[in-house]
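**Student:** Here it is: the structure, laid out below.
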Amino acid sequence: MKNNFEFIAVGDVVTDAFIELLSTEAKVEQDRSHHPLLCMTYGTKIPFQEAIVVPAVGNAANAAVAAARLGLNTGFISDVGNDDNGREMLHSLTNNNVSTEFVRIHHGKHSNYHYVLWYKADRTILIKHEAYDYRWPRLHDHNKSEWLYMSSIAESGEPIHVGLAKYLEANKDVKFAFQPGTFQIREGKAKLAKLYSRAEVFAANKEEFQQILNSNSNDEKILINDMHKLGPKVVLLTDGPKGAFASDGKEVVFMPPYPDPKPPYDRTGAGDAYASTFTAALAQGKDLATGLAWAGVNSMSVVQQVGAQAGLLKKPEIDHWLKKAPTSFKPKLVN
């Protein structure tokens, strides 16, 4: 493995325990605000289909594995507990060609463990982030990276945000991609202004754009332009099955989703696959349209399998799907 990294992901890593719910035991209903609710009988025993445990996932970990499979020399900055789950995470990352050189092991702490209520093709995740003593690692010239990719971290992760901002200020040549997680979005754009302003790439879904910008607009171009004003050079807005938009400040490119070869099996990690694959393509010198094409294929592949990483593809596999792509899967400039 080369000394210098091409891509280092930053953020929490978790184990996901998938619990597949039976359609006879659960259902989805709408509340008064039209937000779907997962409903089950309270105060009883509920049969389930099966349980599947997937180690070493989470937004940043998924990005690291995606980049590694696309051929980038990849590292990971994260934290785990000194327990069996933590050791299994490290083993899984290593097996996926992701360096764990910067993963800190915390003695006396548990590793992050989430429960995924898997109903039909979608999921509801019960999350709990351990409160680690977060610290930004020392990155020397021999192990610095061309790209840093920051995503979800716990509420107590402020030292990582501060350390990352200082590092980016001191290393102007390092490109930065930001895919904020739940707690980072709740922090607000003002508190994380240094990260937004330094981002080479910013990625989020449409609802997250609206939340971050405190906007009621449904116009993708308005949301993208407002995000550019915070500093990001390239902005990626995903909108689920409707497709995605990418902008470099000069043009906005729309890409429809890659058609599913069969109905989605599990949507976990689709957004992570899209954002990280798009970034990995740009890291390899590709343009916006190519990045969107790669991302669409990888996202499609991920939802065909359980968990966020099993479906992540290597470059020749993406090329294979692109050769099979229908004529409708092509970029379009947005006026």
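**Student:** Considering segment 190-215 alone, what residues qualify as being farther than 18 Å from residue 245 by Cα and more than 17 Å from the chain's Cα centre (by Cα)?
**Tutor:** The answer is 190, 191, 192, 193, 194, 197, 198, 214.
Residues are listed down the side, and each one gets a yes or a no for (1) out of contact with any Phe, Trp or Tyr (no Cβ under 8 Å at 6 or more places or on another chain); (2) at pLDDT below 95; (3) among the basic types (Lys, Arg); (4) open to solvent by 20 Å² or more (accessible area, probe 1.4 Å):
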site	(1), (2), (3), (4)
8	no, no, no, no
33	yes, yes, no, yes
56	yes, no, no, no
66	yes, no, no, no
69	yes, no, yes, yes
80	yes, no, no, no
83	yes, no, no, yes
89	yes, no, no, no
93	no, no, no, no
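**Student:** Further, regarding this structure: Among the numbered criteria (1) touching a helix residue (DSSP H, G or I) at 6+ places or on another chain (Cβ under 7 Å); (2) open to solvent by less than 20 Å² (accessible area, probe 1.4 Å); (3) of a type outside the set (Phe, Trp, Tyr), which one does residue 160 miss?
**Tutor:** (1)
**Student:** Given 310, 295, which one is crowded, with 22+ Cβ neighbours inside 10 Å, within 17 Å of the chain's Cα centre (by Cα) and either not aromatic (Phe, Trp, Tyr) or not in a loop (DSSP other than H, G, I, E, B) (or both)?
**Tutor:** On the way: 310 fails: crowded, with 22+ Cβ neighbours inside 10 Å.
So the residue among 310, 295 that is crowded, with 22+ Cβ neighbours inside 10 Å, within 17 Å of the chain's Cα centre (by Cα) and either not aromatic (Phe, Trp, Tyr) or not in a loop (DSSP other than H, G, I, E, B) (or both) is 295.
**Student:** Could you please tell me which pairs satisfy a Cβ distance under 8 Å, a separation of 6+ or placement on different chains, a first residue in segment 323-335 that is over 11 Å from residue 258 (Cα atoms), and a second residue that is of a type in the set (Asp, Glu) and not in a loop (DSSP other than H, G, I, E, B)?
**Tutor:** Every condition considered, the pairs that remain are 334/220.
**Student:** Would you pick out the residues in segment 35-54 that are among the basic types (Lys, Arg) and either buried (at least 24 other Cβ atoms within 10 Å of the Cβ) or touching a Lys or Arg at 6+ places or on another chain (Cβ under 8 Å) (or both)?
**Tutor:** Applying the first criterion (among the basic types (Lys, Arg)) to segment 35-54 yields 45.
Hits for segment 35-54: nothing passes.
**Student:** Here's another thing I want to ask about it. Give the residues of segment 191-243 that are in a helix (DSSP H, G or I), among the β-branched types (Val, Ile, Thr) and in contact with a Ser or Thr (Cβ under 9 Å, 6 or more places away or on another chain), sorted by residue number. Steps first, answer last, please.
**Tutor:** First, the residues of segment 191-243 that are in a helix (DSSP H, G or I): 193-198, 206-213, 220-228, 240-242.
Cutting the leftovers down to among the β-branched types (Val, Ile, Thr) gives us 212, 222, 224.
222, 224, listed by residue number.
**Student:** Check residue 110 against each of (1) more than 19 Å from residue 159 (Cβ to Cβ); (2) open to solvent by 10 Å² or more (accessible area, probe 1.4 Å); (3) touching a Leu at 6+ places or on another chain (Cβ under 9 Å) and name the one condition it does not meet.
**Tutor:** (3)
This table checks each residue for (1) without any contact (Cβ under 8 Å) to a residue 60 or more places away in the chain; (2) surrounded by 18 or more Cβ atoms within 10 Å (Cβ to Cβ).
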residue: 193; (1), (2): yes, no
residue: 202; (1), (2): yes, yes
residue: 215; (1), (2): yes, no
residue: 242; (1), (2): yes, no
residue: 250; (1), (2): yes, no
residue: 269; (1), (2): no, yes
residue: 283; (1), (2): no, yes
residue: 290; (1), (2): yes, no
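**Student:** Okay, moving on. Looking at segment 151-177, I want the residues that are over 21 Å from residue 283 (Cβ atoms) and have a partner that is open to solvent by 80 Å² or more (accessible area, probe 1.4 Å) with Cβ atoms under 6 Å, at least 6 apart or on another chain. Which pairs are those?
**Tutor:** What qualifies is 159/135.
The values are calculated or read from the model by the stated rules, or taken from the named source; none is laboratory data. Keep in mind the model is a prediction, meaning the values are calculated, not measured. With ideal geometry, Cβ positions are generated from the backbone for all residues, glycine too; neighbour counts draw on all protein chains shown. Note: areas computed on protein heavy atoms with side chains; ligands, DNA, RNA excluded. Shrake-Rupley method; radii C 1.70, N 1.55, O 1.52, S 1.80 Å.
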